[in-house]
Amino acid sequence: MFLAGMAVLAIPALLWAHGALKSSAPAANAKLERPPESLLLTFTDPSPLSVTRVRLVGADSAVVALGSLEHVAGSAERGVRAPVVGRMAAGTYAVDWQTAGADGHPVKGRFTFVVLIGAAPLEDSVAAAAARVTPIEQAPRNTEAAFDAESPLYALIRFVTFAGLAALLGVVVFVTGVIAALARNADAAVPIGIRNTAAKRALELAVGAIVILGVAGLARLGAQSYALFGADALDIRSVWGLVGGTSWGTGWTLQMVGVVVALIAVAMVRRSHMRTSRYGWPLLTVAAVALAMTPALSGHASSGSGDTGLAVLADTLHVIGAGGWIGTLLLVVTAGIPAAWTLPEGDRELAVATIVRAFSPIALVFTGVLGATGLFAAWLHLTAIADIWQSPYGRTLALKLAILSAVAATGWYNWKRVTPRLETAAGVRLLRRTAVVEVGIAVLVLAVTAVLVATPPPSEMETGGAAAVEVERLPTG
């Protein structure tokens with residue numbers, strides 16, 4: 001089960017199924033005898049108008065004015081019409097388009113068509129009728145180096161978010177799982193004072209994790225908005241459309257609400273002076289679970305093929321599994337063992353061994369969740385084993401698996417060599433070193449994951465049809 005979890009830790013990134021341009025009128029490379037009265041773009045998936053942009057450019061790079069975008073009736077929001085307001089004459093025209101799925105995943109591209117020499121200009125009466133829809137300034141095409149979800153800064157934002165999530169989930173599992181199990185068993189090896197000290201240290205880490213998630217959330221909104229709209233078209237209306245018109249925005253809103261609720265829960269726990277978890281810790285648990293759902297709502301699971309509900313649930317459980325394993329291990333190293341080490345020599349070794357043994361079955365449960373949800377995602381979305389070595393996505397995944405093999409090796413060493421010696425000072429010191437190594441490797445796993453989720457899988461490299469010329473995939477974050 002551990003190896004299964006290791007092999008599929010990154011599989012939620014396979015939940016990619018985003019719209020591309022299926023067809024257009026005029027069609028790509030069409031030769032027209034008269035200018036079109038409107039542009040009609042049909043996408044493979046629903047395209048919210050709040051994040052859809054269309055721009056018509058002539059051969060002289062002059063922008064032709066377009067009216068407000070509208071969905072074509074009966075198209076299930078897949079068809080988008082842009083009335084042509086400006087005048088057109090003979091020449092070659094380019095249509096730059098950009099849209100995003102419900103998860104905020106940007107896809108953009110360009111196709112061209114030709115208005116033949118001798119074609120009559122668009123009649124003033126037709127242009128006037130189109131102008132009944134207020135002309136809008138369409139997003140210009142950014143010819144400079146694009147900032148998108150594959151950019152290093154965006155990858156860093158995702159890494160920080162993943163790290164904050166893992167730490168917060170680890171705090172919840174450590175206190176409500178490991179510490180609570182020790183309290184229920186009234187284990188004399190770990191006195192109540194040591195348990196309280198460990199819980200207080202965990203709460204301090206929780207505050208740091210919550211602040212990180214809040215700051216990373218604001219940074220992620222800025223990065224996603226810039227990746228979608230660029231600096232020239234970035235305004236309050238566009239950002240509000242992203243937040244209010246997509247499931248990416250729903251996930252982002254849930255993240256920020258979760259941050260606020262988590263801070264309230266921490267304040268409640270502090271107010272009780274750690275004497276009770278009747279309200280504070282359960283509320284913090286709810287907030288952590290809600291935050292664990294945000295990668296699914298803000299990412300690819302929300303637009304995956306098949307049953308989206310199951311995909312979101314599986315992705316959420318997958319995040320919880322990773323946080324319950326990696327995050328709780330972090331808490332054992334930074335809160336549990338240091339608290340136990342304050343006991344007199346002889347007692348402290350026994351306390352450390354007791355804490356580790358309380359953590360082991362919990363870790364087994366969460367790695368099982370990790371493996372089961374990863375295998376489900378693999379069954380649902382993985383199409384070809386050969387893609388692992390034939391695509392950039394697959395090679396990034398292989399790198400992650402190679403790093404995870406080091407985690408497996410460290411775990412095997414701890415199981416075979418360290419655990420039998422836990423009740424000795426030398427064994428505890430060795431455990432602390434190997435656990436730090438394991439946490440360090442886990443950090444590398446999160447870093448590679450931050451890159452992997454922005455690397456288009458092979459299925460995303462396909463064009464959506466003949467009209468999808470010069471298509472650029474801009475993964476979400």
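The values are calculated or read from the model by the stated rules, or taken from the named source; none is laboratory data. A quick note: this is a predicted structure, and the numbers were derived from the prediction, not measured. Every residue, glycine among them, receives a Cβ derived from its backbone with ideal geometry; neighbour counts consider all protein chains shown.
I want to confirm something. Restricting to the range 41-62 and keeping residues that are outside any strand (DSSP E or B), touching a residue at least 40 places away in the same chain (Cβ under 8 Å) and of a type in the set (A, V, I, L, M), which single residue is surrounded by the fewest Cβ atoms within 10 Å (Cβ to Cβ)? Full working, then the answer.
Here is the first cut: in the range 41-62, the residues outside any strand (DSSP E or B) are 44-52, 58-62.
Adding the requirement that they be touching a residue at least 40 places away in the same chain (Cβ under 8 Å) leaves 44-52.
When the remaining residues are screened for being of a type in the set (A, V, I, L, M), the result is 49, 51.
Details: Leu49: 15, Val51: 25.
If we take residues in the range 41-62 being outside any strand (DSSP E or B), touching a residue at least 40 places away in the same chain (Cβ under 8 Å) and of a type in the set (A, V, I, L, M), then Leu49 is surrounded by the fewest Cβ atoms within 10 Å (Cβ to Cβ).
Within the range 189-207, the set of residues being surrounded by fewer than 18 Cβ atoms within 10 Å (Cβ to Cβ) and either of a type in the set (Val, Ile, Thr) or in contact with a Leu (Cβ under 9 Å, 6 or more places away or on another chain) (or both) comprises Pro191, Ile192, Val207. All conditions in (1) among the small types (Gly, Ala, Ser); (2) crowded, with 22+ Cβ neighbours inside 10 Å; (3) farther than 20 Å from Val54 by Cβ; (4) at pLDDT below 95 hold for Gly222, with the sole exception of (2). Residues in the range 79-102 that are under 24 Å from Ser225 (Cβ atoms), part of a loop (DSSP other than H, G, I, E, B) and not hydrophobic (A, V, I, L, M, F, W, C): how many? Residues meeting the conditions: 1.
Cβ-Cβ distances below 7 Å connect the following pairs, each with a first residue in the range 242-258 that is assigned to a helix (DSSP H, G or I), a second residue that is of a type in the set (Asp, Glu), and a separation of six or more residues or different chains: Ser247/Asp103; Trp248/Asp103.
Going by the structure shown, is Arg271 modelled with pLDDT of 75 or more and exposed (fewer than 14 other Cβ atoms within 10 Å of the Cβ)? Let's see the steps before the verdict.
On the way: modelled with pLDDT of 75 or more: yes; exposed (fewer than 14 other Cβ atoms within 10 Å of the Cβ): yes.
Spelling it out, Arg271 is indeed modelled with pLDDT of 75 or more and exposed (fewer than 14 other Cβ atoms within 10 Å of the Cβ).
Among the residues of the range 402-414, is there at least one that is within 25 Å of Gly251 (Cβ to Cβ) and at pLDDT 65 or above? Spell out the reasoning first.
We begin by selecting, within the range 402-414, every residue within 25 Å of Gly251 (Cβ to Cβ); these are none.
No, every residue in the range 402-414 fails to be within 25 Å of Gly251 (Cβ to Cβ) and at pLDDT 65 or above.
Residues that are among the polar types (S, T, N, Q) and assigned to a helix (DSSP H, G or I) within the range 320-356 comprise Thr328, Thr334, Thr354, listed in sequence order. Here the range 138-171 is the region considered, the condition is being touching a helix residue (DSSP H, G or I) at 6+ places or on another chain (Cβ under 9 Å) and in a loop (DSSP other than H, G, I, E, B), and the residue that is modelled with the lowest pLDDT is Ala139.
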